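Peer 1: The structure that follows is given in the form of structure tokens.
Every number here is computed from the coordinates shown, using simple stated rules; none is lab data. Computed from a predicted structure; not experimentally measured. As a convention, Cβ positions derive from the backbone with ideal geometry for all residues, glycine included, and neighbour counts pool all protein chains shown.
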Amino acid sequence: MMDEELSLVGFTEDMNLNAVFFGFLGLFQMVFPGRLQACYLLGSHATSEAVGESDIDLTLVFKGRFQPGERRRFEHFRRHVSPLSPLSLDANAVEEEQLLEEGAVNLKKTSLLLMGEDLRERIPLMPLDAWIRYCMHRPYVFMERARARAEGEPLRFPLIYPDPRGELYGYDHREVLDAQGQSHRGFKELVTLACRLATAEVAVKAGGYTYSKREAIEAHRELVNDAWTPLYEQIYAARKRWGYRVPQDAEDVAHLRSLCAGMLEAENHFLGLYKGFLLEELRRGAVKDRVLAAQRLGEIAYPGDEVPAALRALAQAPEEELREAAAESLRRLGPSGD
């Protein structure tokens, strides 16, 4: 009975990966018996674009809705179990009903079913407006975590480099793990940020869906083709050449440094677009989307009075959640709003 419950539906050609899946899902079944509807592999390992230091991206679909306390328990489980993997493991959990209601993109189009019942034919493609919203919000996560600052202090626009004095300007701030679990100096954050920026611009400027890093870079050339396209292409080419490890050769490091040098201007260009997007979000859509926009406008300090004025107007909204989000963001920005 136990062997049948733990049998995998899908496999990769990498036996080490398959062993990680089997062990992780076995532990999951022990902690959450009968709750797994499906488990999917996403990301580079699912699209055959993985390099030696690529993360393992798993999405576990819980049956129906989360039971009380289940989401919190999963976060504890993930935090304690993921370090047991010799490969960098990133697992997240979603509700079956949420997927069926809201749709998905990467999970629907480029995932590999590892275990459970395949839901992909029943999952709708995420509507374009929701996809644009998702893509536009994601780059901030990578910009924010690269820059050390006091707790609660917003990012200041225009940004400066994560580490202006660093050889790679701070874009090597996170180490990467190889297949043996050894850590190395890496530039994965640079690649991920470039691909996220490309994905967001393809979505918002051309209404395009992209399903992998490679597709994002190619679609940016085809559908956007602006001053940043060559930079994104060269960063992705560096990934293909060196994986995510910083190379040893001095000439190679110099080339990588030049790519890192160009990223700051690309980040600030995007944040300029993001400001306009967030201000529009304040005035439209569901309350939860407007709340997120209000919160984010308190996490990035743009110069001038346009953002504080918009937040002050929102502080008069009839919805309590909007009033609270606007007030908190104004507090974070300070009396002058800059």
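Peer 1: Using only DSSP helix segments of four residues or longer, with each worth -39500 (n - 2.57), what per-residue ellipticity at 222 nm results for the chain after dividing by its residue count and rounding to 500?
Peer 2: Value at 222 nm, helices only: -16000 deg cm²/dmol.
Peer 1: While we're on this one: Roughly how big is the stretch 1-93's charge dipole about its Cα centre, with Cβ charges of +1 (Lys, Arg) and -1 (Asp, Glu), in debye to the nearest 20?
Peer 2: Rounded to the nearest 20 debye, it is 680 debye.
Peer 1: Name the residue farthest towards the positive end of the dipole of the chain from the options Ser44, Gln295, Tyr209, assuming +1 on Cβ of Lys and Arg, -1 on Cβ of Asp and Glu, about the Cα centre.
Peer 2: Final value for the positive-end residue is Gln295.
Peer 1: Net charge near Pro318, counting Lys/Arg +1 and Asp/Glu -1 over other residues with Cβ under 15 Å of its Cβ?
Peer 2: That sum, taken over residues with Cβ under 15 Å, equals -1.
Peer 1: For the stretch 44-157, what's the relative contact order in percent, using C-alpha pairs closer than 8 Å and at least 6 residues apart?
Peer 2: 24
Peer 1: Please list, by residue number, everything in the stretch 153-191 whose backbone N is under 19 Å from a paramagnetic label point 7 Å out along Cα→Cβ of Ala237.
Peer 2: Those under the cut-off are 187-188, 190-191.
Peer 1: Another question about this same structure. Given the options Ser88, Ser258, Ser44, state which has the largest fluctuation in a GNM of the chain using a 10 Å cut-off (strictly under) for Cα springs.
Peer 2: Sorting by GNM fluctuation, first place goes to Ser258.
Peer 1: May I pose another question? Report Rg/Rh for the stretch 23-107, rounded to two decimals, where Rg is the Cα radius of gyration and Rh the Kirkwood radius.
Peer 2: Across the stretch 23-107, the Cα-based Rg/Rh ratio is 0.97.
Peer 1: Turning to a different aspect of this structure: For the chain, count all C-alpha to C-alpha pairs, find those more than 34 Å apart, and express that count as a whole percent of the total.
Peer 2: 30
Peer 1: With a point put 7 Å past each Cα toward its Cβ, work out how far Ser82 is from His184 in nm, to one decimal.
Peer 2: Each label point is offset 7 Å from its Cα along the Cβ direction, giving 2.1 nm.
Peer 1: Between Leu125 and Phe22, what is the label-to-label distance in nm when each label sits 7 Å out along the Cα-to-Cβ direction?
Peer 2: Here the modelled spin labels are 3.7 nm apart.
Peer 1: Subtract the Cα-Cα distance of Ala286 and Leu273 from 0.36 nm times their separation in residues, and report this length gain in nm to one decimal.
Peer 2: This chain segment gains 2.6 nm when fully extended.
Peer 1: Length gain on complete extension for the stretch Glu324 to Arg312, per 0.36 nm per residue less the alpha carbon to alpha carbon distance?
Peer 2: Stretched fully, the Glu324-Arg312 segment lengthens by 3.2 nm.
Peer 1: Under a plain spin-label model, where a point goes 7 Å from the Cα along Cα-to-Cβ, how far apart in nm are Arg72 and Arg138?
Peer 2: 3.0
Peer 1: Here's another thing I want to ask about it. Which value, in Å³ per residue, describes the convex hull spanned by the Cα atoms of the stretch 132-289?
Peer 2: Value for the stretch 132-289: 139 Å³ per residue.
Peer 1: For the stretch 83-223, report the convex hull volume of the alpha-carbon atoms normalised per residue, in Å³, without decimals.
Peer 2: Dividing the Cα hull volume of the stretch 83-223 by its residues yields 171 Å³.
Peer 1: Tell me the net charge near His255. Cut-off is 11 Å between Cβ atoms, His255 excluded, with +1 for each Lys or Arg and -1 for each Asp or Glu.
Peer 2: Here the count lands on -1.
Peer 1: Between the stretch 16-89 and the stretch 92-133, what's the alpha-carbon centroid distance in Å?
Peer 2: Cα centroid of the stretch 16-89 versus Cα centroid of the stretch 92-133: 16 Å apart.
Peer 1: How large is the charge dipole for the chain, taken about the Cα centre, if only the Cβ atoms of Lys, Arg (+1) and Asp, Glu (-1) carry charge, to the nearest 20 debye?
Peer 2: 520
Peer 1: Let me have the relative contact order for the chain, percent, based on Cα pairs under 8 Å that are six or more residues apart.
Peer 2: Relative contact order, the chain: 14 percent.
Peer 1: Sort the stretch 227-319 into rounded, prolate or oblate with this rule: let a ≥ b ≥ c be the square roots of the eigenvalues of the Cα gyration tensor; rounded if a/c is under 1.5, and if a/c is not under 1.5, prolate when a/b is larger than b/c, oblate otherwise.
Peer 2: Prolate shape, in that a/c is at least 1.5 and a/b is the bigger ratio.
Peer 1: Under 10 Å, Cα contacts only: if you run a Gaussian network model on the chain, which one of Asp305, Asp55, Asp90 comes out with the highest mean-square fluctuation?
Peer 2: Of Asp305, Asp55, Asp90, the Gaussian network model singles out Asp305 as fluctuating most.
Peer 1: Additional query: Using a cut-off of 13 Å between beta-carbons, work out the net charge of the residues near Thr110 (Lys and Arg +1, Asp and Glu -1, Thr110 not included).
Peer 2: Neighbour charge sum, excluding Thr110 itself: +2.
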